[in-house]
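Trainee: Here you go, one structure.
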Amino acid sequence: MTEENRSRRLSFDGKYIQASLVETVRDYDANGVVTNLSNEAMIVDGGVSGVVPPWKSTILRGGTIARAERVSIVDVPDATNLGGIMFDGWDWFGNRLTEFPRTTPLFISKHDVVGQVALNPWRFSNHPEPRDETVHYDIQLNLWWAPAKTDAVIHNTHSFLEIHTQIFGLGRIQIFHDQAGENLYREISTAPGDTHDPIVRVADTRHYTYPWHRGWTDEDCVWMAIELHPKTA
């Protein structure tokens, strides 16, 4: 029998962020932004039970997760001096990507591989004509932090499926026709507890097409990247 409520701290748990992973969740009290990292619905206890769909999230303040396969729980208990997060084992993103703009204050946490999942990438991305094919992925998480009014750089290249959960602050995902950012045609609002739908189109099991897009912070923001990396054969 699988042990219930197996938990551990995530690699980006620290002075400013409380972050944990819980698996085979049963009757578990949670405090923070809870993200359902599985293909199964998460059930929230209450007078009327609530449902958090696969790969979506909610905010619980002492609420009880009645049942879930795998969740992350991330909280900012005190936002005082939150910018100090950059000194708590985080990295300025320009140290990892040499072509990154030298004046953009975007910071990234350590990564954490939290498990594996098998899913249909066409259905995951809400493709209008999905193929009937399942792919195995590693689930990798990391956090980002940026102060208000940060342009997190327009890009369109990822070798994985990606969605984001907003942890702290208000922001937007902005989608453009061009890399120059002169033709904005769509915005997705991001507030704490939100996980947006995928913006990717799946060509095949290892090739993904993303529009030109960027993160934009209206306030100081922390958000969590959820990356699904296809496993090698």
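The values are calculated or read from the model by the stated rules, or taken from the named source; none is laboratory data. This is a predicted model, so every value here is computed, not measured. A quick note on method: Cβ atoms are made from the backbone with ideal geometry, for glycine too, and the neighbour counts reach across all protein chains shown.
Trainee: Looking only at residues in segment 164-208 that are of a type in the set (D, E, K, R) and at pLDDT 95 or above, which one is nearest to Asn36 (Cα to Cα)?
Mentor: Asp194
Trainee: Turning to a different aspect of this structure: Please determine whether any residue of segment 91-114 is out of contact with any Lys or Arg (no Cβ under 6 Å at 6 or more places or on another chain) and at positive phi.
Mentor: Within segment 91-114, not a single residue is out of contact with any Lys or Arg (no Cβ under 6 Å at 6 or more places or on another chain) and at positive phi.
Trainee: So, one more: Within segment 208-226, can one find any residue that is surrounded by 13 or more Cβ atoms within 10 Å (Cβ to Cβ), in contact with a Pro (Cβ under 7 Å, 6 or more places away or on another chain), of a type in the set (A, V, I, L, M) and not in a loop (DSSP other than H, G, I, E, B)?
Mentor: No.
Trainee: Could you tell me whether any residue of segment 51-62 is surrounded by 12 or more Cβ atoms within 10 Å (Cβ to Cβ) and either within 21 Å of Lys110 (Cβ to Cβ) or hydroxyl-bearing (Ser, Thr, Tyr) (or both)?
Mentor: For segment 51-62, residues surrounded by 12 or more Cβ atoms within 10 Å (Cβ to Cβ) and either within 21 Å of Lys110 (Cβ to Cβ) or hydroxyl-bearing (Ser, Thr, Tyr) (or both): present.
Trainee: I'd like to know if segment 105-121 contains one or more residues that are closer than 30 Å to Thr209 by Cβ, out of contact with any Gly (no Cβ under 6 Å at 6 or more places or on another chain) and assigned to a helix (DSSP H, G or I).
Mentor: Yes, there is a match, as at least one residue in segment 105-121 is closer than 30 Å to Thr209 by Cβ, out of contact with any Gly (no Cβ under 6 Å at 6 or more places or on another chain) and assigned to a helix (DSSP H, G or I).
Trainee: Of a type in the set (S, T, N, Q) and assigned to a strand (DSSP E or B), is that true of Ser20?
Mentor: So Ser20 passes the test.
Trainee: Right, something else. Whether any residue in segment 164-182 is surrounded by fewer than 15 Cβ atoms within 10 Å (Cβ to Cβ), assigned by TED's automatic domain parsing to the domain that holds Pro105, aliphatic (A, V, I, L, M) and over 21 Å from Ile73 (Cα atoms) is what I want to check.
Mentor: Yes, segment 164-182 has at least one match.
Trainee: Working only within segment 122-166, note down all residues that are in a loop (DSSP other than H, G, I, E, B) and of a type in the set (Val, Ile, Thr).
Mentor: Matches in segment 122-166: Thr134, Thr150, Val153, Ile154, Thr157.
Trainee: Restricting attention to segment 190-230, which residues are without any contact (Cβ under 8 Å) to a residue 60 or more places away in the chain and polar (S, T, N, Q)?
Mentor: Result: Thr190, Thr209.
Trainee: Which one of these does Thr205 not meet: (1) buried (at least 18 other Cβ atoms within 10 Å of the Cβ); (2) in contact with a helix residue (DSSP H, G or I) (Cβ under 8 Å, 6 or more places away or on another chain)?
Mentor: (1)
Trainee: Do any residues in segment 110-138 that are more than 30 Å from Arg8 (Cβ to Cβ) have Cβ atoms under 7 Å from those of residues that are in a helix (DSSP H, G or I), where the two are at least six apart or on different chains, and which pairs are they?
Mentor: Short answer, once both residue conditions are applied: Pro130/Trp122; Pro130/Arg123; Arg131/Trp122.
Trainee: Only one residue in Ile65, Ile85 is outside any loop (DSSP other than H, G, I, E, B) and free of Cβ contacts under 8 Å to residues at least 60 places away in the same chain. Which one?
Mentor: Just one listed residue meets the conditions, Ile65.
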